[in-house]
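Report on one structure; see the data block that follows.
Derivation of every value follows stated rules applied to the coordinates shown; laboratory data play no part. Worth saying up front: this structure is predicted, and the values here are computed from it rather than measured. Neighbour counts run over all protein chains shown; Cβ positions are idealised from the backbone, glycine included.
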Amino acid sequence: MKQKELQERIDYLKREIERHNQLYYAEADPEITDFEYDMLVQELKDLLAQLPSQEETDVLSTVGNDLRPEGKNIPHKIRMASLDNAYSLEELIAWWNKISQDQGYRPEVCLELKIDGFGINLFYSKGDLQYASTRGDGYVGEDVTNNFRNIPGIPHHINFSGEIEIRGEIYMPIMAFHQINRIRESNGEKLFANPRNAAAGSIKLKDAELAKSRPLKALFYSIGFVSGDFSPDNQYSLLNWLEEEGFPVSEKRRICKDEYCVIDFCNEMEKMRPELEFEIDGVVMKINDFALQRSLGFTAKSPKWAIAYKFKPEEKETILLNIEYQVGRTGAITPVAILEPVYISGSTVSRCTLHNFDEIRRLDLHEEDTVVLIKSGEIIPKILKVNKDKRKLHAKAISLPTRCPICDSPLSRESEAAIEYCSSADCPAQLERSIEHFASRDAMDISGLGSSLIKRFLDEGIIKSIADIYRMDFTRVAEMPGMGTKSAQKLKEAIAESKRKNLDRVIYALGIRYVGTVTARNLAQHFKDIDSLMNANTEELNQVPEIGEKVAYSIQDYFANPKNQALISDLKDQGVNFSYIEKLQSSSLGGKSFLITGKLNHHSRKDLESILMSHGGKILSGVSKSLDYLIVGENPGSKLTKAEKIPSIKIITEDEALDLIESES
């Protein structure tokens, strides 16, 4: 490569890395995987090495910045550095060998999971939590104390009289991430790219109630500043100390003195990766001894005594068979790649969402292309690129539709948006999705009215609109193949019960774009009845938490539509409740904390947790000194063993927990 071309490529890589840093850290909306990003960084390092006269760019020496202009910032007492990466076991062992050679002996190392979460720094003074802040730019973090205090299982007081910074990662459990994305998809909202970005976006929310509803957790693994009598003198003993003080700490950790131990742990964790409740993207190896850590010191960006071994995402090639276009309840058109089935990262993939038309253009997809597939965060299938060397001669580029694939209406695109919409409110696909949403668990919760039955009802003309649900001919339903009188009666009862749902559920069920469950509850609590909401002006809507210009316009646009006005009038005639009923919750448990282990006899774990919370109880994610009660069912796990070592924790049965609620009430 000529020097001019080399310089142009370096400049391009600098701009791209800075752009992706902004997307990843500040906006929590990455376009590429961590691996793709790391490859850009590595290429820049390699090219800079070819120009000895060029100084190292700031892009390589600074930590990503998650600070927002409107946020309140707090300086870290000790800088939060980022880790250098190794992408092979050979590279990992070579790093350790170099330190061993320099020291004249092989120091033992502590291996831990590399949590793919969002960095957090806690500051304690005289044992009390003073604040929680993000990584920020490494030197200054954003204050997220109020939202952080809602994360269960984190001690707000520890047995340490000095001052100390405790550091770890906030994460969203994988199952919770999927659930939130399903809700966002049904609301027509943009999906979170992965659990890490869901956690990053949630901890910074201005709406405290919305932040509280997000099921965040945390794991801790290091300290920053410390003053006072601090006993741990190595990394492994620090992890034990954190655990004793009630901090959640990963159980997967190991001391290694030879390379076989290191390789075995890394391989074991990579195989175990799909079984964990949280995402990991590698293993962190640290020199165990704190004195040697201090001697080795830091580079401009990273500690010299630690390195991250990054798991490379599995890649598989497969053939693009077709592209289908799905129509959502808001009319949004989503292209879906139909693939020749391929097994990757624990499951067989035959479909892959392409998000929007711009993604098809970016990939330059052609008919029957050979595509390289990965799973973003080992979860969501994603087409990484096209293997153009295998493209068939005269292959045609994918032709993007200009009309709705269901009703043939013209497609439109909102300004500054990347999504195409069907322009017809009468599109059958929109109606089907809208009814599915209306009947869903978080909306009207009509048990038994699932997507397949809705499709049958529409195909056979039993219902033609949302309101038709409430004037259904159940005699006809009972005569349908596979139904019968008993099933029809159960459905009838579920539909009748849905009429009594509170206003917030009904608002959410209507499917107003950008209005999720929390926004719907805020609207219901503020306006109290549907007529007040329908007549609200922009100023009145902006007084509701989390209602900005975009959401306010969407609400007004929905209620200005004569068809939506007619639907609400029709639902009123059918007896659906459109007023908000205040629910008085008991606080009899007075904020006592609970944790459940083992199989329960009378309730599901989720149901019992809901009962406890409805009476003022708190649910923790792990055993710690802040836990008041451990509820034990059949075949309890390791939580019982841990709880038995902490005298302050009361160990009770499911029946005793219910008795406790009754007696306190």
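Considering every alpha-carbon pair of segment 238-344, the percent of pairs per 10 Å bin, from zero through the bin containing the longest distance, is 10, 25, 28, 14, 15, 7, 0.
Mean silhouette area of segment 413-460, derived from the convex hull of its C-alpha atoms and averaged over all directions, reads 4.5 nm².
Footprinting exposure proxy ranking of 171, 236, fewest other C-beta atoms within 10 angstrom first, gives 236, 171.
Using a/c under 1.5 as the rounded threshold, could you call segment 329-458 rounded, prolate or oblate? The axes a ≥ b ≥ c are square roots of the C-alpha gyration tensor eigenvalues, and prolate needs a/b larger than b/c, oblate otherwise. Note, shape of segment 329-458 comes out oblate. What angle do you read, to the nearest 10 degrees and between 0 and 90, between the alpha-carbon axis of helix 654-664 and the longest principal axis of the chain? Taking the Cα atoms of the chain, the angle to 654-664 is about 70 degrees.
Only one residue of 296, 418, 487 has its Cα farthest out toward the positive end of the dipole of the chain, where Lys and Arg carry +1 and Asp and Glu -1 on Cβ, and that residue is 487. A cysteine counts as unpartnered when no other cysteine's C-beta lies under 4.7 Å of its own; in the chain this applies to 110, 266, 352. Peptides 519-527, 113-121, 93-101 ranked from most to least packed, by the mean per-residue count of other Cβ atoms within 10 Å: 113-121, 519-527, 93-101.
Projecting the alpha carbon convex hull of segment 601-665 along each direction and taking the average yields 4.4 nm². Taking 19 Å as the straight-line reach from the Cα of residue 316, the aspartates and glutamates in range (excluding those fewer than 8 positions away in the same chain) are 34, 36, 270, 281, 340, 364, 367, 368, 369, 378, 389. With all projection directions averaged, the alpha carbon convex hull of segment 73-310 covers 13.1 nm². For segment 428-573, what is the Kirkwood hydrodynamic radius in Å, using each pair of distinct C-alpha atoms? That comes to 16.1 Å for segment 428-573. Over the chain, the Kirkwood radius and the radius of gyration, each from Cα atoms, give a ratio Rg/Rh of 0.98.
Assuming charge only on the beta carbon of Lys and Arg (+1) and of Asp and Glu (-1), the dipole of segment 71-198 about its Cα centre is about 320 debye to the nearest 20. Evaluating 6.51 cos²θ - 1.76 cosθ + 1.60 at θ = phi - 60° for every residue in segment 528-542, the Karplus couplings come out as 6, 8, 5, 5, 5, 5, 4, 9, 5, 8, 4, 4, 5, 5, 5 Hz, glycine and proline recorded as x. Whole-Hz Karplus values for segment 94-101 come out as 4, 4, 5, 4, 5, 4, 4, 5 Hz, taken residue by residue from phi with 6.51 cos²θ - 1.76 cosθ + 1.60 and θ = phi - 60°; glycine and proline positions read x.
When the helices of the chain are scored as -39500 (n - 2.57) per DSSP H run of n ≥ 4 and the total is divided over every residue, the value at 222 nm lands at -10500 deg cm²/dmol.
To the nearest ten degrees, helix 174-186 and the longest principal axis of the Cα atoms of the chain are 40 degrees apart. Footprinting exposure proxy ranking of 407, 110, fewest other C-beta atoms within 10 angstrom first, gives 407, 110. Remark: 472, 613 ranked as 613, 472, counting other beta-carbon atoms within 10 Å and listing the fewest first. So, in segment 428-573, how many Lys pairs have Cα atoms under 17 Å apart, if the pair is 8 or more places apart or on different chains? Close lysine pairs under the 17 Å cut-off: 10.
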